[in-house]
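Engineer: To start, I am sharing the structure in question, which I have written as structure tokens.
The values are calculated or read from the model by the stated rules, or taken from the named source; none is laboratory data. Note that the structure is predicted; figures quoted are calculated from it, not measured. So basically every Cβ, Gly included, is an ideal-geometry build from the backbone, and we count neighbours across all protein chains shown. The area values use the complete protein model at the heavy-atom level, side chains included, leaving out ligands, DNA and RNA. Shrake-Rupley method; radii C 1.70, N 1.55, O 1.52, S 1.80 Å.
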Amino acid sequence: MIKKANIDYGTAYIHFKGKEDLLIVLMEIIMEQFYEIAETSFFPKSKDEAKHIINKQANAFFKMAEAERKMLQFFEQAIGISTVISHKWKAIR
């Protein structure tokens, strides 16, 4: 991740205590994006408008999941390895 961000390890570890802290921040950022989609207001005036809102929200979830597929897979692996990450994931959910 540090290489992808094109920063030095020293710079990264000034801001984060370790890999788990960095991963937790990334989890929070990505999950916040999912929550923003989930919190879409839902006050349809008709059945057709309700369908439109639901379809738009579902599509947004799918696009987000596809865009973040690799990170979500990485989270899944980390949850199985790290108790810190596992506890944070449960708290986020």
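Engineer: Before we move on, is Lys17 within 20 Å of Ser86 (Cβ to Cβ), in a loop (DSSP other than H, G, I, E, B) and either modelled with pLDDT of 90 or more or not polar (S, T, N, Q) (or both)?
Structural biologist: Criteria met by Lys17.
Engineer: Say we look at region 50-61 and pick out the residues that are open to solvent by less than 50 Å² (accessible area, probe 1.4 Å) and hydrophobic (A, V, I, L, M, F, W, C); which of these is nearest to the chain's Cα centre (by Cα)?
Structural biologist: Here the answer is Ala60.
Engineer: Now, a different point. Can you find a residue that is of a type in the set (Lys, Arg) and either in contact with a Cys (Cβ under 7 Å, 6 or more places away or on another chain) or surrounded by fewer than 10 Cβ atoms within 10 Å (Cβ to Cβ) (or both) anywhere in region 42-49?
Structural biologist: Yes, the conditions are met somewhere in region 42-49.
Okay, residues lined up against (1) out of contact with any Ser or Thr (no Cβ under 8 Å at 6 or more places or on another chain); (2) more than 18 Å from Ala91 (Cα to Cα); (3) of a type in the set (Phe, Trp, Tyr):
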{"position": "Gly10", "(1), (2), (3)": "yes, yes, no"}
{"position": "Leu22", "(1), (2), (3)": "yes, no, no"}
{"position": "Val25", "(1), (2), (3)": "yes, no, no"}
{"position": "Ile54", "(1), (2), (3)": "yes, yes, no"}
{"position": "Phe61", "(1), (2), (3)": "yes, yes, yes"}
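Engineer: Residues that are over 30 Å from Ala12 (Cβ atoms): list the helices (runs of 4 or more DSSP H) wholly contained in region 23-93 that include at least 3 such residues.
Structural biologist: 47-67
Engineer: Out of all the residues in region 62-93, which are aromatic (Phe, Trp, Tyr) and either more than 11 Å from the chain's Cα centre (by Cα) or over 15 Å from Gln33 (Cβ atoms) (or both)?
Structural biologist: Phe62, Phe74, Trp89
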